[in-house]
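One structure below.
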Amino acid sequence: MHIKSSLAAALALAGLTSGGASHATNWVMAYGTEPATSTHRLQGAVQLTYENNFDCRDTRGFVGGAKANNGRSVNNCRQGPELQDDESGLALQNLMLGVRGNLIPNRINYHVAANAGQNAANYHPYKTEREQLASLVNASVSFHYIPGVRVRAGLQQKPGPEELYQGLEATDYIFLTDFVQRVQIERFIDGNAKSTNAIPGQGYGWQGTKNAQGVGSGVGAITGNVSRWGYDTDVGRDWGVQFFDAFKRDKWTHTYSVMFGNGNGIHRGDNNSDKDLNLYLSSEYDLPGGKGPLKHGLKLYGYHQKGVRNFVIDPSGRQSQDFDRIRYGIGAKALGHLFGEDRGKHRLGFELMFADGMINYTPTANTADAPFGGLVQFAAEEGNKAKGITLDYGYYLNKRWQFDVRYSRDDLLYEQANANPAKQYWTSGDERILKYTTLGVNYYFAPKTRLTFNYEFRNVEAPNPARNTDGTVNPNSTINANVVSGSVGDRFGLRLTHTF
């Protein structure tokens, strides 16, 4: 009975950035360097989005304790980021203002930005009330003194998949792919749960009352540190230090980045003695034509992210064992007259992404504020795996019209850890397959003002029967999983974006 948390469009991933050019852009350099002639530049973005999950339906047919959730919408069918029981609505996703420039030309530059929009930076994960009026989303200083090794320190973007790493000007779609919004963007929790109970060694307490067999009913108040929401998110960022540079060889530009980060939310400091290590490599081939945001090129890239996460396991604040969080992937992106004609431009994109450990699954019953369940769940152990693939095509008819199509698939928990066979909390019954196809149109009123329309076909499957920790089939949970999957339908969105 678990499937997706649709923090989705409201995460406004790249809307929290104000990076420079789009498409085959070198984001490592765009974020960390400034032209020598630049002094101080004011930047901002306003983004207004309407989302309608019109093809979803209210949940019907839940059995057991989950019957209390019948008639409600699952998170995947709610307008975010508040995730209240509304299938459609309007959100001011981004209201961002920042400044960047040189302190010493060619030596020291900076980037500071804050966002007051309705997005994940200002909401705790899965909480249906706003937490902050505005949040700092960039606060970094870059130093360029050592040939071949530039240094950037502070709150900054983590090099990773292009969909999350790219700047606002390069976001061709309204909705994030499921893998990026669920698995790549990180939410942080103190105590971990499975169904309506804390997982021993990963949290403590339980929700509501228990029956004679010791099973939580899910009704009543939450005790302990398992919760209906997380305490912070990374929105694709971290506080840390990055070493980077780019090297041009004929028509190729090769770029590297090594970043050490706290591995915690953007509003928090480090919470353990380990640092995240983020590695990134890209090579871009210059293609003739285009300029500025639409410079033609072909970029190949790969990344690897690894860090350690811990839970609080008793009221004294004692921490759990270390749980590794591993993310890695490869991708390619091309823009230009790729098929030998010059009446329009083509964009091709491909990403293959993997995750091992600390897989954000969803709140129990897939509803953030459900009467039954609602506790946030992570498949924490190494060996719990997910993988995502994205295929993207765009056609630029002229300076006004752009047409896009994207296919994405998330194989969530296609493999499960078996660290403790006697109590295997994650089983084949938790696997989900999410396949989305998005059609999009962008119309540019001006180079920095556009209207985007997306229609997304969504198919969600729970391919295996739900199982108990002893491996036996759980018929009630199987029914509930299919109720959730069957309630998810298509959606469309309309977004107005202006940057300056």
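The values are calculated or read from the model by the stated rules, or taken from the named source; none is laboratory data. Please read all numbers here as calculations on a predicted model, not as lab measurements. Neighbour counts are summed over all protein chains in view; Cβ atoms, including those assigned to glycine, are modelled from backbone coordinates with ideal geometry. Each accessible area value is taken on the protein alone, full model and side chains, heavy atoms only, with ligands, DNA and RNA left out. Shrake-Rupley method; radii C 1.70, N 1.55, O 1.52, S 1.80 Å.
Once each part is reduced to its C-alpha centroid, what is the distance from the range 130-188 to the range 379-457 in angstrom?
Result: 18 Å between the Cα centres.
Taking Rg/Rh (Cα atoms, Kirkwood Rh) straight from the coordinates, which label in (1) 0.97; (2) 1.09; (3) 1.00 is the correct one?
Recomputing Rg/Rh (Cα atoms, Kirkwood Rh) here picks out (1).
Based solely on C-alpha atoms, express the radius of gyration and the Dmax of the range 232-387 in angstrom.
Cα radius of gyration and Dmax of the range 232-387 are 20.4, 67 Å respectively.
Which far-off residues, 5 or more places away or on another chain, put their amide H under 5 Å from the one on V63, with H placed in the peptide plane?
Here the answer is N480, since their amide H atoms fall under 5 Å of that of V63.
If I model the range 89-218 as equal point scatterers sitting on the Cα atoms and use the Debye formula, what is log10 I(q)/I(0) at q = 0.11, 0.17, 0.20 Å⁻¹?
Scattering profile of the range 89-218, log10 relative to I(0): -0.62, -1.09, -1.26.
Among F260, G297, V312, whose Cα sits farthest toward the positive end of the charge dipole of the range 245-312 (+1 at Cβ of Lys/Arg, -1 at Cβ of Asp/Glu, about the Cα centre)?
G297
Can you list the lysines whose alpha carbon is less than 21 Å from that of K127, not counting same-chain residues fewer than 8 positions off?
K4, K194
Would you mind counting up the charge near N398? Only other residues with Cβ under 10 Å from its Cβ, with Lys and Arg at +1 and Asp and Glu at -1. Walk me through the numbers before you get to the answer.
Values: positive: R343, K345, K399, R400; negative: none.
Computed value for this residue: +4.
Leaving ligands and nucleic acids out of the surface, order F323, F492 by accessible area at 1.4 Å, largest first.
Working: F323 10, F492 55 Å².
So the residues, ranked largest to smallest area, are F492, F323.
Under 5 Å between amide hydrogens, which residues at least 5 positions from R237 or on another chain qualify, with H placed 1.01 Å from N in the peptide plane?
Residues meeting the amide H criterion: K158.
What accessible area, in Å² to the nearest ten, does a 1.4 Å probe give for D190?
It works out to around 70 Å².
What do the square roots of 5 times the Cα gyration tensor eigenvalues come to for the range 335-405, in whole Å, largest first, as semi-axes of the equivalent ellipsoid?
Output for the range 335-405: semi-axes of 41, 18, 6 Å.
Let me have the relative contact order for the chain, percent, based on Cα pairs under 8 Å that are six or more residues apart.
18 percent
Using protein chains only and a probe of 1.4 angstrom, how many square angstrom of E284 are accessible, to the nearest 10?
Rounded to the nearest 10, that gives 40 Å².
How many angstrom lie between the Cα centre of the range 237-270 and the Cα centre of the range 314-361?
Result: 15 Å between the Cα centres.
Which three extents, in angstrom, do the Cα atoms of the range 49-118 have along their principal axes, listed largest first?
Here the spans come out as 65, 25, 16 Å, largest first.
With all protein chains present, calculate the accessible area of C56 using a 1.4 Å probe and round the result to the nearest 10 Å².
Here the accessible area works out near 20 Å².
Under 20 Å from a point 7 Å along the Cα-to-Cβ line of D250: which residues of the range 274-293 have their amide N that close?
In the range 274-293, the label zone of D250 (backbone N under 20 Å from the point 7 Å along Cα→Cβ) covers 282-289.
From the residues L287, G329, N272, which one has its Cα farthest along the dipole of the range 269-374 in the positive direction, the dipole being from +1 and -1 charges on Cβ of Lys/Arg and Asp/Glu about the Cα centre?
L287
Assign unit charges at the C-beta atoms only (+1 for Lys and Arg, -1 for Asp and Glu), then state the dipole size of the chain relative to its Cα centre in Debye, rounded to the nearest 20.
Values: 52 positive and 48 negative charges, 176 e Å.
That gives a dipole near 840 debye.
What aspartates and glutamates could a cross-link reach from K248, if we take a straight Cα to Cα line under 15 Å and drop same-chain neighbours fewer than 8 places away?
Within the straight-line limit of under 15 Å, K248 reaches these aspartates and glutamates: E284, D286.
Which of the residue pairs K295/K333; K333/K435; K275/K333; K158/K299; K251/K333; K251/K295 have a Cα-Cα distance greater than 23 Å in the structure shown?
Details: K295/K333 12 Å; K333/K435 21 Å; K275/K333 30 Å; K158/K299 18 Å; K251/K333 16 Å; K251/K295 13 Å.
As for pairs spanning more than 23 Å Cα to Cα, those are K275/K333.
Suppose only helical runs count, i.e. DSSP H with n ≥ 4. What mean residue ellipticity at 222 nm does that imply for the chain under -39500 (n - 2.57) per run, divided by all residues and rounded to the nearest 500 deg cm²/dmol?
Numbers: 3 runs with 23 residues, N = 500.
Counting only the DSSP helices, I get -1000 deg cm²/dmol.
What net charge do the residues around I330 carry, taking every other residue with its C-beta under 15 Å from that of I330, with Lys and Arg at +1 and Asp and Glu at -1?
-1
Kindly sort I313, I174 by accessible area of their heavy atoms, largest first, with the probe set to 1.4 Å. Could the numbers behind the result be given before it?
Details: I313 35, I174 5 Å².
Putting I313, I174 in descending order of accessible area: I313, I174.
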